[in-house]
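This report concerns only the one structure given below.
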Amino acid sequence: MRKGTTFTRFIIEDLRKLPEATGDFTLLLSAIVTACKEIADDVSRGQLINVLGSAETENIQGETQKKLDVISNDILIRALEWSGHLGGMASEELEEAYPIPAKFPKGKYLLVFDPLDGSSNTEVNVSIGTIFSILRCPPGVSEPTEEDFLQPGAKQVCAGYVLYGPATNLVLTTGQGVNGFTLDRDIGEFILTHPKLTIPEKTHEFAINMSNQRHWEPAVKRYIDEVVAGKDGPRGRDFNTRWVASMVAEVHRILMRGGIFLYPKDERENVKEGRLRLLYEANPMSFIIEQAGGAASTGRERILSVKPHRLHQRIPVIIGAREEVERVERYHLTMDKEQSGSPKTVVQ
Ligand code: AFP
């Protein structure tokens, strides 16, 4: 091959490692990636094909949809509903789970996705992306209900994202580590460019929307106060900050050079459970980050252990360098103990 291992070769060689594999999963993954290449093409053309701006509609979250939100969602649904590998799909942009039309064969997987995360950035040409998560359809279920999607993140078969930035990157885990690919537009194929990605346990870079500071819980206020204090404070070293307002871009940066990303819950009514969605943002990204040696927590528990109770459930997200995530968890534990009346303890 003139340019290295293609995604096609990578997944076929991966398939050979599982003698009992039927190839269903491999074909499903290939169909997802093909759909994302089509999204990448529309995103890169932007206003040339009049896809920027608002669709003048709202999604289940009550958020105004961008044209590209709707376009990306439609591309994924149309590219996958016929495949015969899915029992059903769920999307940030659809109020209910999407049943596979009767005219198509059904399969043994469930696909959950955010078709275009970070889409508030579409008009300003900042990196955005598609996040996807593959679950097993419970055995014997031919018409999956919402309940069948409500599986803890630890049950994911696969998680991945495609980042539409200066380069188009595919990042993927099936539980055997994390691998990154870059789209070679000359041949229309993803090439393995970042094999076996891992992230450092330590970091000096944090990402959080500082404008929400007055709303945070004390544990988060303490953690951020300390990193902002830098070498003059208890951490004894300076930190740097980044905020892209696109989770896919933040997580990709953490995979490339380390870091911690926080979107905690806060006192506001619409953020009291968190801002990010559990099934198609937090769970896939947590699977990827844990597989790269990092950690992903609500501040009080491992995200992948949370049993979802609603399709569009939101959750607090503290994800990235293991030592930093564990520190934030310690602060939550201490604050909770103090608030419950336990004797004050000093936590480093
Ligand atoms: P959009 O998809 O509506 O742009 O939201 C992106 C997102 O879900 C996540 O990708 C960002 O990290 C976060 O929201 C940004 O939230 P703020 O707009 O509060 O900064």
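Throughout, read-outs are computed from the coordinates displayed, never taken from laboratory work. Just so we're clear, the structure is a prediction, and the values are computed from it rather than from any experiment. No Cβ is skipped: glycine too gets one built from the backbone with ideal geometry, and neighbour counts run over all protein chains shown.
Within 10 Å, count the other beta carbons around each residue, average over each peptide in 59-67, 10-18, and list them highest first.
The packing order, highest mean first, is 59-67, 10-18.
Where does each of 113, 104 land when they are ranked from fewest to most other beta-carbon atoms within 10 angstrom?
Ranking 113, 104 by Cβ neighbours within 10 Å, fewest first, gives 104, 113.
What does the helix-only formula give at 222 nm for the chain: each DSSP H stretch with n ≥ 4 adding -39500 (n - 2.57), the total divided by the residues, and the result rounded to the nearest 500 deg cm²/dmol? Display every interim value, and only then the final one.
Working: 8 runs with 100 residues, N = 348.
Value at 222 nm, helices only: -9000 deg cm²/dmol.
With no solvent and one point per C-alpha, what does the Debye sum give as log10 I(q)/I(0) for segment 1-55 at q = 0.15, 0.25, 0.28 Å⁻¹?
Each listed q maps to, in turn, -0.61, -0.97, -1.07.
In µm²/s, what is D for segment 7-194 at 37 °C and 0.692 mPa s, where D = kT/(6 pi eta Rh) by Stokes-Einstein and Rh is the Kirkwood radius from Cα pairs?
Estimated via Stokes-Einstein, D reaches 192 µm²/s.
Longer than 22 Å from Cα to Cα, which of 155/265; 37/66; 265/307; 272/337 are they? Say none if no pair is.
155/265
Given that compact globular proteins tend to follow 2.2 N^0.38 Å, what is the ratio of the alpha-carbon Rg of segment 205-340 to that value?
0.99
Per residue Cα convex hull volume for segment 180-270, in cubic angstrom?
126
If you fit an axis through the alpha-carbon atoms of helix 24-45 and take the longest principal axis of the Cα set of the chain, what angle between them do you get, 0 to 90°, nearest 10?
80
For the chain, take the longest principal axis of its alpha carbons; what is the angle in degrees between that and the long axis of helix 7-16, to the nearest 10 within 0 to 90?
90
Please provide three numbers in whole Å: the alpha-carbon extents of segment 277-320 along the principal axes, with the largest listed first.
The Cα atoms of segment 277-320 stretch 28, 19, 13 Å along their principal axes.
If packing is taken as the average number of other Cβ atoms within 10 Å across a peptide's residues, how do 45-51, 240-246, 202-208 rank, most packed first? Walk me through the intermediate numbers first.
Values: 45-51: 12.1, 240-246: 15.4, 202-208: 19.6.
Output ranking for 45-51, 240-246, 202-208: 202-208, 240-246, 45-51.
Could you order peptides 275-282, 143-150, 74-81 by the average number of other Cβ atoms within 10 Å of their residues, highest first? Walk me through the intermediate numbers first.
Details: 275-282: 25.4, 143-150: 16.4, 74-81: 19.0.
By packing density, highest mean first, the sequence is 275-282, 74-81, 143-150.
Radius of gyration and Dmax for the chain's Cα atoms, expressed in Å?
20.2, 66
In debye to the nearest 20, how big a dipole does segment 7-194 give about its Cα centre with +1 on each Lys and Arg Cβ and -1 on each Asp and Glu Cβ? If you can, show how the numbers build up before the last one.
Details: 14 positive and 27 negative charges, 149 e Å.
Result for segment 7-194 is approximately 720 debye, rounded to the nearest 20.
Using the Cα atoms as the points, what is the convex hull volume per residue of segment 76-125 in Å³? Provide the component values of the computation, followed by the final result.
Details: hull volume 4.1 nm³, N = 50.
Per-residue hull volume (Cα only) is 81 Å³.
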